[in-house]
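Read the structure below first, then the notes.
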Amino acid sequence: MALTDIPWFPILLAAYMGWSGVRKGSLSLDGGIAAFIIGSTMLSVPLRTFGVSLIIFYLVGSKATKVGKELKARLEEGHQEAGNRNASQVLCNSFSAFLATLLWSASFVDGSFFSPLLESSSRGPFYNSAQWCAVSPSIGNGWSRKAVYFALGHFACCLGDTLASELGILSKTPPRLITTFKVVPPGTNGGVSRTGTAASAAGGIIMGVTFAASLLLESSACRAQWQQVVVPLVIWGAFGGLFGSLVDSLMGATIQRTKFSTKTKRILIDESPVPTNKSDVQVISGIDLLTNNQGRLSSSSFLQVNLASSIIIAILCGYLA
């Protein structure tokens, strides 16, 4: 490969994002390296939608986290600001979309580094933004469309869950437990509110609009059929954000135990000091199957309550859209 063939801009941009995360303390060293590898890979694919969606997800999610952190510190006993994410956590928050990117590249990019993943008979046609749109059902027996919607489902679910978690606590009315609809303290696993539900749908819509705008900007073939491109992406983005957050809340209400201090009137989390008087602790919901940190990991990927929900939503969007 000649030096001119190396995607320098995606590599440098991913390197900056990884370095910036390590410098600010939001990523550990191995987390920064993982962010660089994942970022440079997704940004280097000729279909820029994958990389653009990763950047928007990162920027919007980071902004929402900053908004909600102060209130969470008041609501949760022993709350610690999120940061120093390691490589496993970085992979968990990008796994489904990263996998979709690899498979799309292996299938539709001529000379792709990942082409050995597939048999030659399973590859093609090779991507040409002027000749065909990546979400066209006729391309590659529909697999190009599936891969794009798979990534959309992942990001919509994850951003919807992030916004619901970080902005839902701003609700003027107390949340209700998704399983019983009884009023519960803010910060309860499985608690839902109108604000949080609206935020989760908004997160999905943001990702749907991001995918649509990126495809229209880079592909004249997509612009020629813009209505068939934009409307489904926004609708399925909203579905992914809303339904993904509800699935996550359902899992949180059932397999994550929420404890409440009747003395301090705050939610007890893993980092909370152990109360000296057990009578001051009230179990709000759930069984003690997952810790709060483990539950966080499984709605976004392999190891977390976020992987379960994000993979479910990614598959639903990929196969039903």
Q.
Would you confirm, using the coordinates I've provided, whether F126 is part of a loop (DSSP other than H, G, I, E, B) and not polar (S, T, N, Q)?
A. yes
Query raised in the report: Any residue in region 151-161 that is surrounded by fewer than 21 Cβ atoms within 10 Å (Cβ to Cβ) and either closer than 22 Å to G286 by Cβ or hydroxyl-bearing (S, T, Y) (or both)?
Result: no
Checked pairs for region 36-65, first farther than 15 Å from F108 by Cα, second of a type in the set (D, E, K, R), C-beta under 8 Å and 6 or more apart or across chains, list as A64/E166; T65/E166
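Name the residue, out of S245, S165, S249, that is buried (at least 22 other Cβ atoms within 10 Å of the Cβ), within 13 Å of the chain's Cα centre (by Cα) and more than 30 Å from W104 (Cα to Cα). Quick ask: steps written out before the conclusion?
Working: S245 fails: more than 30 Å from W104 (Cα to Cα); S249 fails: within 13 Å of the chain's Cα centre (by Cα).
Sole residue among the options that is buried (at least 22 other Cβ atoms within 10 Å of the Cβ), within 13 Å of the chain's Cα centre (by Cα) and more than 30 Å from W104 (Cα to Cα): S165.
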Flagged in region 180-196 as under 18 Å from D161 (Cα atoms) and modelled with pLDDT under 90, in numbering order, are P186, G187, T188, N189, G190, G191
Okay, helices (runs of 4 or more DSSP H) sitting entirely in region 2-103 with 2 or more residues that are touching a Lys or Arg at 6+ places or on another chain (Cβ under 9 Å), at pLDDT 85 or above and crowded, with 19+ Cβ neighbours inside 10 Å, I get 29-44
The residue that is surrounded by the most Cβ atoms within 10 Å (Cβ to Cβ), considering only those in region 195-221 that are without any contact (Cβ under 8 Å) to a residue 24 or more places away in the chain and under 21 Å from the mean Cα position of the chain (by Cα), is A212
- Kindly check whether there is at least one residue in region 9-23 that is touching a residue at least 40 places away in the same chain (Cβ under 8 Å) and of a type in the set (D, E, K, R). no
Residue hits (region 222-239; buried (at least 23 other Cβ atoms within 10 Å of the Cβ) and over 29 Å from Q131 (Cβ atoms)) are F239
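The values are calculated or read from the model by the stated rules, or taken from the named source; none is laboratory data. Remember, predicted model here, so these are calculated numbers, not experimental data. Cβ: placed from backbone, ideal geometry, glycine included. Neighbour counts: every protein chain shown.
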